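Everything below concerns the one structure shown next.
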Amino acid sequence: MISLLVRFVLLIVIAAIFAWLADQPGDLKLRWLGYEVETSLMAAFIILTGIVLVLWIAWSVVMWLLDRPGAFGGWFKSRRQRKGRHALSSGLIAVAAGDADAAQTHARTAAAILGDDPMVKLLDAQAAQMRGDNVRVRQLFREMAEQPETRLLGLRGLHTDAVRQSDTVRARALAEEAVRINPKASWAGKAVLSYQSTSEDWAAISRTIDVQKSASLIDRATANLKLAVVLTAQAAEAESKNTDEAYDLALRAHKLDPSLVPAAVIAARHATSAGSLRKASRILEKTWNLTPHPDLAEAYGHIRSGDSALDRLNRIKSLVSKAGGIEGAVALATAAIDALEWKTAREALSAYAHDRPQARICGLMAEIEEGEFGDKGRAREWLARAVRAPRDPAWTADGHISAVWLPVSPVSGELGGFKWKVPVEGIAYEDPETEDTGEDDSVPGDDAIAITTVPDPSGEPEPADEPEAEAEPAKKPEPEKETGPEKQPETSEAEVAAQETEEAAEVVEAEIVEVVEEAEQAAEEPEAVKKASEDKAEDAEQKPESPAEHEAEVPEPDKTGEDDNTDDAETAALPRQPDDPGPTNGTGKKTEKGWF
């Protein structure tokens, strides 16, 4: 815009000059080498302008001709540069696509054209990494670390290689050097903080956090959270040495992060020791409202030594009245159990004892059942549910569970990585102790009916049962002799099979009801129908059982029993149906039968 305005102003000035010359006519005489030229002032000005323009054009043409060799050389050079840049970009695309061979080919082409370009070395290093050539990778990153413009990139590559080789000492030295070169390098700052956290160098960690906050790598709130963790760790270490210092560090940590449970517990414990019960209560209440935790409830309940269990219960009630959730319910139930207030404990857990309660809820309910009613059966039932119950919250960091709070994650070295939460549930797997082996390990009920038969060692099928038309006492089957080395099934297997026969017993009952109904209907039929039924019954006395009668009978259960010495086993061997009306005699009356 400014350039256009300047050109416009220049045209206006030139036009004004020509207009002024046109308004001021005059003559111009020139005598040179015996020649005399006379013309007007306007014509002389126009001729002079044309001469200058011609000279400028001639000079430009001459310079253009003189620059042609260099121009041709520069064109070829730029063409070569374009080819090298194309090979470089193609190589980076191949790296992103995971094509190691193409990346290596383009890297060689780019190196032959562009020489020691930093991007060429980076492409070569990435291609070497894809090939697994670690020696070449280290060589290239060392070369980059020696050049000022690529030094930070070389240090990062060497640091990554050291981490891959688990060389912590070299990796930490490289990260610290990168921080000295550029404090704003986020990867270097995080790495240094992780190494310092692992070694628990709290003073160095505090300095690193200040540097990261000054370099705007972390905001003020994040820096306060990390410093609170550092101060809490220092307070925990100083508790056994200097209680005043531990108290001061814990208060500073609580001020920076009021939700940090360990800081609040340490500060409240030392405030209680110093006699500041009200201050300790305020600290615990503030943290409880932000993050309820069992340690806070325990410390709050025992602020005043010598209190009775009922006093502690009343204090816990005041704590959980504002906030608490499941942690408040557990704390209140625990205090109520200590005070033998069973109703209060049960009411506190009532909202969390349904569906799938946590293991600690099940344990507390077991205590309540046994303590209030002395019902050990119900207590065992709750304890059995606790085995399969969801896990309780715990201090967890990167999948690692700790019984106490730790300032640093042992897995990743993250500062303040431990959080109070329910651990991630593991993938469901089949317990080898409860693995299905094809046997029913359930215990049959008291009302289970075990119908067993004595197995035939010879393997021959048993003959079909004769129709029971007469009221004869059941004959005891003769015990069969062992004909081979094969052993009879043990009695325990009969007990196992009893559960399987429960379903068969239910089928038996259903069929018994059906047979009774049919018998009642038969009694109400006309005389002709009764006569036909009586004839059919007489035929059934002389013939083997028909398919219809066979379907009415209960299928024989598996032969799992062998106790041939008791009457129960002998009578159980007969596949009889309880309450079966049986066949009728010639007079239309049902014959009496003996049942076991």
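The values are calculated or read from the model by the stated rules, or taken from the named source; none is laboratory data. In this text, all values refer to a predicted model and were calculated from it rather than measured experimentally. With ideal geometry, Cβ positions are generated from the backbone for all residues, glycine too; neighbour counts draw on all protein chains shown.
What are the residues in the range 332-365 that are over 27 Å from the mean Cα position of the chain (by Cα) and not in a helix (DSSP H, G or I), if any?
A339, L340, E341
Could you please let me know if K322 is of a type outside the set (S, T, N, Q) and not in a helix (DSSP H, G or I)? Working first, answer last.
Working: of a type outside the set (S, T, N, Q): yes; not in a helix (DSSP H, G or I): yes.
When the stated conditions are applied, K322 passes them.
Identify, from the list M144, M130, the residue that is hydrophobic (A, V, I, L, M, F, W, C) and in contact with a Ser or Thr (Cβ under 7 Å, 6 or more places away or on another chain). Quick ask: steps written out before the conclusion?
On the way: M130 fails: in contact with a Ser or Thr (Cβ under 7 Å, 6 or more places away or on another chain).
Exactly one of M144, M130 is hydrophobic (A, V, I, L, M, F, W, C) and in contact with a Ser or Thr (Cβ under 7 Å, 6 or more places away or on another chain), namely M144.
Test each condition in (1) surrounded by 15 or more Cβ atoms within 10 Å (Cβ to Cβ); (2) in a helix (DSSP H, G or I) for P183 and report the one that comes out false.
All conditions are met except number (2).
May I ask you to list pairs of residues, at least six apart or on different chains, whose Cβ atoms are under 8 Å apart, with the first in the range 100-122 being buried (at least 19 other Cβ atoms within 10 Å of the Cβ) and at pLDDT 85 or above and the second being of a type in the set (D, E) and not in a helix (DSSP H, G or I)?
A110/D117
Could you say whether any residue in the range 45-54 is modelled with pLDDT under 85, out of contact with any strand residue (DSSP E or B) (no Cβ under 6 Å at 6 or more places or on another chain), under 30 Å from A128 (Cα atoms) and assigned to a helix (DSSP H, G or I)? Reasoning before the result, please.
Pass one, the range 45-54, residues modelled with pLDDT under 85: 45-49.
Next cut, out of contact with any strand residue (DSSP E or B) (no Cβ under 6 Å at 6 or more places or on another chain) only: 45-49.
If we keep only those that are under 30 Å from A128 (Cα atoms) as well, we get none.
No; the residues of the range 45-54 include none that is modelled with pLDDT under 85, out of contact with any strand residue (DSSP E or B) (no Cβ under 6 Å at 6 or more places or on another chain), under 30 Å from A128 (Cα atoms) and assigned to a helix (DSSP H, G or I).
Looking at the range 224-241, I want the residues that are of a type in the set (K, R) and have a partner that is part of a loop (DSSP other than H, G, I, E, B) with Cβ atoms under 8 Å, at least 6 apart or on another chain. Which pairs are those?
K226/I218; K226/G416
Quick check on the range 185-199. Is at least one of its residues of a type outside the set (S, T, Y) and in contact with a Gly (Cβ under 7 Å, 6 or more places away or on another chain)? Explain how you work it out, then say what you get.
Filtering the range 185-199 for residues of a type outside the set (S, T, Y) gives 185, 187-193, 196.
Remaining after also requiring in contact with a Gly (Cβ under 7 Å, 6 or more places away or on another chain): none.
No, every residue in the range 185-199 fails to be of a type outside the set (S, T, Y) and in contact with a Gly (Cβ under 7 Å, 6 or more places away or on another chain).
Among the numbered criteria (1) over 25 Å from A173 (Cβ atoms); (2) surrounded by 16 or more Cβ atoms within 10 Å (Cβ to Cβ), which one does F45 miss?
(2)
Scan the helices (runs of 4 or more DSSP H) fully inside the range 202-298 and keep the ones with 2 or more residues being touching a Pro at 6+ places or on another chain (Cβ under 7 Å).
On the way: elements: 202-214, 220-238, 243-256, 261-273, 277-290.
Correct list: 220-238, 277-290.
I need every pair where a residue in the range 13-36 that is among the aliphatic types (A, V, I, L, M) has its Cβ under 7 Å from the Cβ of a residue that is surrounded by 10 or more Cβ atoms within 10 Å (Cβ to Cβ) and part of a helix (DSSP H, G or I), sequence separation at least 6 or different chains.
Pairs found: L21/L41; L21/M42; L21/F45; A22/M42; L28/L41; L28/A44.
Condition (residue is surrounded by fewer than 16 Cβ atoms within 10 Å (Cβ to Cβ), under 28 Å from L227 (Cα atoms), among the polar types (S, T, N, Q) and free of Cβ contacts under 8 Å to residues at least 60 places away in the same chain) applied to the range 298-312: is it met by at least one residue?
no
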